[in-house]
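See below for the structure under consideration.
The values are calculated or read from the model by the stated rules, or taken from the named source; none is laboratory data. Quick caveat: nothing in here was measured; it's all calculated off a predicted structure. Here the Cβ positions follow ideal geometry from the backbone for every residue, glycine too, while neighbour counts run over all protein chains shown.
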Ligand SMILES: Cc1cc2nc3c(=O)[nH]c(=O)nc-3n(C[C@H](O)[C@H](O)[C@H](O)COP(=O)(O)OP(=O)(O)OC[C@H]3O[C@@H](n4cnc5c(N)ncnc54)[C@H](O)[C@@H]3O)c2cc1C
């Protein structure tokens, strides 16, 4: 299905024209975001924890230490909310109150489950590495059996989700367009700097293409 069916919980209320449930749009934002934030309630206290994720088809994977409070809690079927946000620009209006941001964001609701299957766990951990640095897996030591067993992986179906996207110039009050104040957008993008080699690099080690050619994908590129 091209659309993730909206539910009462994922129906946009404010500025709904910026909302979408288009599956490809949701996936693209999750794929571009390096991190997500996971919200859940433990012992009556809400937590929102930043973490690395990856998407494989219609599932989101999270990983971490077996003892992680977040993963232990979520593995018990506690409801969660995952958000991912890409800030594309600062929107400068003529009036203070109409300043805004251009962005693409995703909200995924649901419950996650512990991944028990060893091969699914391995694939998810590989996918997390590739999500951050595509092509990296080919040149590193892959996770050992012990490392895989010592890592908790959770899987969350992306079947209750929404995206919201703002693009374009500021929206000022009609009367304010006459104010001679600069207005527009300062585009922002995440860019990689030059790689810095580990001082303990084995002599003669060359920088692989996945590193020297590293670029963050961006809607604007
Ligand atoms: C970088 C950034 C800055 C923002 N700054 C502000 C701000 O300063 N003030 C403000 O009021 N709002 C801000 N927003 C928008 C905010 O995320 C909500 O969209 C907004 O608060 C109103 O949504 P709603 O009333 O429809 O939300 P709700 O009724 O709370 O949400 C209903 C459903 O709509 C969907 N939804 C709502 N917002 C989003 C979203 N951003 N992405 C994906 N799905 C969404 C979810 O499925 C949610 O469950 C910002 C968004 C981003 C990404």
ask   = Do any residues in the range 138-150 that are at pLDDT 95 or above have Cβ atoms under 6 Å from those of residues that are part of a helix (DSSP H, G or I), where the two are at least six apart or on different chains, and which pairs are they?
value = 143/125; 148/121; 148/122
ask   = Among the residues of the range 166-180 satisfying the criterion of being surrounded by 14 or more Cβ atoms within 10 Å (Cβ to Cβ) and within 30 Å of residue 81 (Cβ to Cβ), which is farthest from the ligand (Cβ to nearest atom)?
value = 170
query = What are the residues in the range 29-71 that are buried (at least 18 other Cβ atoms within 10 Å of the Cβ) and within 13 Å of the ligand (Cβ to nearest atom), if any?
reply = 29, 30, 33, 36
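Hey, among 183, 163, which residue is buried (at least 17 other Cβ atoms within 10 Å of the Cβ), touching a residue at least 40 places away in the same chain (Cβ under 8 Å), closer than 19 Å to residue 91 by Cβ and out of contact with any helix residue (DSSP H, G or I) (no Cβ under 6 Å at 6 or more places or on another chain)?
183
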query = Could you give every pair whose Cβ atoms fall below 6 Å, whose first residue belongs to the range 70-98 and is within 17 Å of residue 44 (Cα to Cα), and whose second residue is within 16 Å of the ligand (Cβ to nearest atom) and not in a strand (DSSP E or B), counting only separations of at least 6 or pairs across chains?
reply = 77/111; 79/111
All positions within the range 14-24 that are within 11 Å of the ligand (Cβ to nearest atom) and under 16 Å from residue 157 (Cα atoms) = 21
task = Collect the residues in the range 75-112 that are within 19 Å of residue 65 (Cβ to Cβ), surrounded by fewer than 16 Cβ atoms within 10 Å (Cβ to Cβ) and touching a strand residue (DSSP E or B) at 6+ places or on another chain (Cβ under 8 Å), keeping them in residue-number order.
result = 78
